[in-house]
Ligand code: NDP
């Protein structure tokens, strides 16, 4: 394990690979892959390996079934984006002042995600249930929608880059000079537009909200086509909707997460939330929409229990850390006073600040223990897809790679930020994600 980790560190330190080659490949390959997810489900019977084989054996035949963007999809996406903007702007909510950025700026957000989420689900569910709208159409025309949103998102990434060059948002905005990296990673940390934080709008109100709405539409699609909802689809949908509900309850915590505090707003985050989340994250539901599977009562109950327990563990772990900081350590963790590392760090403006690192409770077990529950969750809502094809598990595999990489990146970031204090924390909590294993 040690030599594997030092290999990973060497790769991370390789600027050409990490800074240009991998980002360029991701910029080129990821957009068509997102469209391939729905092509797989609609034209290859859910068999991703067969779709990939066709890509290499007969690209022309694959191209023939590849959907094109459409003005109909532009209208649907425009209406959806406008509705989410209105909910974000108009619903009442507490103002949340986030932590300092590396350059000493302090972004603010409005916390009205739970209300927006409930309204979204109520609208989609009631429109589908009463027959006012046919949510199943979203499944039928999802290829068009994904092809269109990919084009819009890529244009947005370029616009954001140009905006940073011409009118940077604040001192956290910076162009590195490596165009591939700047497009991939982004150049602005907290861009704003029309009075809203683009990160809150795109990540939370478009990406996460669309995830919920889309899996609900896919459930309707299955029920319409197969005369009812399979219990596998019902369990998977319930776990995903519960997880996304937890996300909105915890929205303030998200504003202290890596996506917001560290990652800039380029292809990775902006395109990722607009295109990758609604395609790869929804893939288990997309797959099941045309392949209903009923589980035994025991299997369905076990999967549901795994999902609910994982949501609870994930929420509790993130909450422990937030509570400790919010109370300046004057709280209890698992019934005992918290074990803390009193860390210091310096922002780009030269000022020194204090922060608490929790080293007990969940955070005494592993430094990214929240990722373990995240992986268990992903497994829970994918298992109802069965084992005939790998397709329902693409998200689990992707998430494992993402979270191992993210844990490593976060360790490097925290070491740079907290120095010896982070080393002290790592000595107290030696495991990264899985206690006693990794
Ligand atoms: P975290 O929310 O775990 O944030 C990491 C940051 O927390 C560190 O950079 C550090 O920031 C602070 N921190 C680290 N250790 C401690 C500690 N012991 N005590 C207090 N603060 C600490 O990371 P993510 O943003 O990756 O995850 C946020 C949530 O999103 C999690 O629930 C995760 O499971 C989920 N997630 C979901 C993904 C998905 O695609 N489904 C992908 C990634 C995450 P600082 O000290 O600067 O505040």
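The values are calculated or read from the model by the stated rules, or taken from the named source; none is laboratory data. Treat the numbers as computed from the prediction; the structure is a model and nothing was measured. FYI the Cβ positions are ideal-geometry reconstructions off the backbone, even for glycines, and counts take in every protein chain you see.
Miscellaneous remarks
- Residues of the stretch 44-88 that are touching a residue at least 12 places away in the same chain (Cβ under 8 Å), loosely packed, with under 13 Cβ neighbours inside 10 Å and not in a helix (DSSP H, G or I): 68 alone.
- Residues being under 26 Å from residue 151 (Cα atoms), within 17 Å of the chain's Cα centre (by Cα) and either within 16 Å of the ligand (Cβ to nearest atom) or surrounded by fewer than 24 Cβ atoms within 10 Å (Cβ to Cβ) (or both) are entirely absent from the stretch 216-237.
- Residue pairs meeting the criteria (Cβ under 8 Å; at least 6 apart or on separate chains; first closer than 15 Å to residue 317 by Cα and in contact (Cβ under 8 Å) with a residue 40 or more places away in the chain, in the stretch 333-344; second within 14 Å of the ligand (Cβ to nearest atom) and assigned to a loop (DSSP other than H, G, I, E, B)): 339/359; 339/360
- Among the candidates 296, 302, 290, the residue that is surrounded by fewer than 18 Cβ atoms within 10 Å (Cβ to Cβ), more than 12 Å from the ligand (Cβ to nearest atom), farther than 23 Å from residue 402 by Cβ and touching a residue at least 60 places away in the same chain (Cβ under 8 Å) is uniquely 290.
- Residue tally, condition more than 10 Å from the ligand (Cβ to nearest atom) and in a strand (DSSP E or B), over the stretch 312-348: 5
- Residue in the stretch 247-262 that is modelled with the highest pLDDT, counting only those that are more than 9 Å from the ligand (Cβ to nearest atom) and surrounded by fewer than 20 Cβ atoms within 10 Å (Cβ to Cβ): 249
- Enumeration of residues in the stretch 317-332 that are touching a residue at least 12 places away in the same chain (Cβ under 8 Å) and more than 18 Å from residue 421 (Cβ to Cβ): 317, 318, 319, 320, 322
- Counting only helices (runs of 4 or more DSSP H) wholly contained in the stretch 100-170, the ones carrying 1 or more residues that are over 20 Å from the mean Cα position of the chain (by Cα), at pLDDT below 95 and under 30 Å from residue 346 (Cβ atoms) occupy 142-166.
- Within the stretch 267-276, one or more residues are within 13 Å of the ligand (Cβ to nearest atom), farther than 19 Å from residue 213 by Cβ and touching a helix residue (DSSP H, G or I) at 6+ places or on another chain (Cβ under 8 Å).
- Enumerated helices (runs of 4 or more DSSP H) restricted to the stretch 186-254, each holding at least 3 residues that are closer than 23 Å to residue 290 by Cα: 209-226, 231-249
- Considering the conditions (1) on the phi < 0 side of the Ramachandran plot; (2) over 21 Å from the mean Cα position of the chain (by Cα); (3) not in a helix (DSSP H, G or I), residue 177 is excluded by exactly one of them, (1).
- Listed by position, the helices (runs of 4 or more DSSP H) contained in the stretch 349-438 that have at least 1 residues being in contact (Cβ under 8 Å) with a residue 60 or more places away in the chain, more than 9 Å from the ligand (Cβ to nearest atom) and more than 22 Å from residue 309 (Cβ to Cβ) are 394-418, 420-428.
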